[in-house]
Structures are given as C-alpha cells and as structure tokens.
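Below is one structure; the comments refer to it alone.
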Amino acid sequence: VAPATPGPVATEWLYRPATPGTWSYRTDAGGSVAQFGASAADPVFSLHCDRAARRISLARAGAGQGVMLLRTSYGAVNWPATVTAAPAQVVATRAASDTVLDQLAYSRGRFAVEVQGLTPLIVPAWAEVGRVIEDCRG
C-alpha cells in the first residue's frame, strides 16, 4: 500500500498563521491610535483617528505599492493608498463612517492586510480597532 500523500497546503488567508504581535492603544492630540506589531515602538500596522476631520488612516509599514487590500470574514476590498518615504509605509485614509471599518472590527477573529511588495499581515480583530473607529465617530 502506498503511503498517503499530504493534501494541498492551505493558502486561503483565514488559514494562514497569524502575524506575531499584539495591539496597543493610545490617545494623542488629534484623536487616537491603535498599533499592531511585535512592540509598540515598531508597529507593522496601525489605525489613526483624525478626530477633527473624522477620518481614519490605516498604515502598513514598509515600502510597498499604492493599493491596500483588506480581507475580512465579510469579503475583500481594495483601497487606494499613498506611499510615504520616511517612515516607509503605505497609507489608506477613509471617512470614519465607512462601513468596511466595521467589518475590520467585527471580522471573525482576524483580518488580512495585503500590499503588493510586502508580506501579507494576518492580524487579530481586537477591541483596539473598534475603539479607534468609535473615537472618530463619537
């Protein structure tokens, strides 16, 4: 009897290993910030609320291309983004009322952030995400 061959490797984002790290939250003069990474000093992803403008910026650390793909248990969406040089990051900014932000906060346990040229992030949908969104709406 021939040995069983292993099945295909799961590549669907829901089954990929989570990106190592944790969320942190803080307020600043203009609103609030949630950061995800191995340490608060070196985040790989962040959400920043500009309370006065009622806008939320999502930033993926690294030198990537200018589109951010967000995957949640609700589906996927591409957001236009800008690339900054110092620090190197890709930033997408949306109105705080954008319903996709709710999908990030309420995705089943995790969501994915993909930017061409950078390793995809699989991050937990913890309370810090929802706090920043609510800060900007309130």
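The values are calculated or read from the model by the stated rules, or taken from the named source; none is laboratory data. Everything numeric in this text was worked out from a predicted model, so none of it was measured. Cβ: placed from backbone, ideal geometry, glycine included. Neighbour counts: every protein chain shown. Accessible surface is based on the protein model in full, side chains and every heavy atom, while ligands, DNA and RNA are left aside. Shrake-Rupley method; radii C 1.70, N 1.55, O 1.52, S 1.80 Å.
Compute the long axis of helix 127-137 from its Cα atoms, compare it with the longest principal axis of the Cα atoms of the chain, and write down the angle in degrees, 0 to 90, nearest 10.
40
Could you check the simple spin-label distance between Thr99 and Asp28, using points 7 Å along Cα→Cβ, in nm with one decimal?
The answer from the label model is 3.1 nm.
Can you give me the accessible area per residue for segment 1-110, using a 1.4 Å probe, in Å²?
With the other protein chains kept in place, segment 1-110 gives 58 Å² per residue.
Assigning unit charges at the beta carbon (Lys, Arg +1; Asp, Glu -1) and nothing else, what dipole magnitude in debye, to the nearest 20, does the chain show about its Cα centre?
100
Using R₀ = 22 Å, calculate the FRET efficiency as 1/(1 + (r/R₀)^6) where r is the Cβ-Cβ separation of Asn78 and Arg16; round to 0.05.
After rounding to 0.05, the efficiency reads 0.70.
Can you give the local net charge around Ser24? Use residues other than it whose beta-carbon is closer than 13 angstrom to its beta-carbon, Lys and Arg +1, Asp and Glu -1.
Summing Lys/Arg as +1 and Asp/Glu as -1 gives -1.
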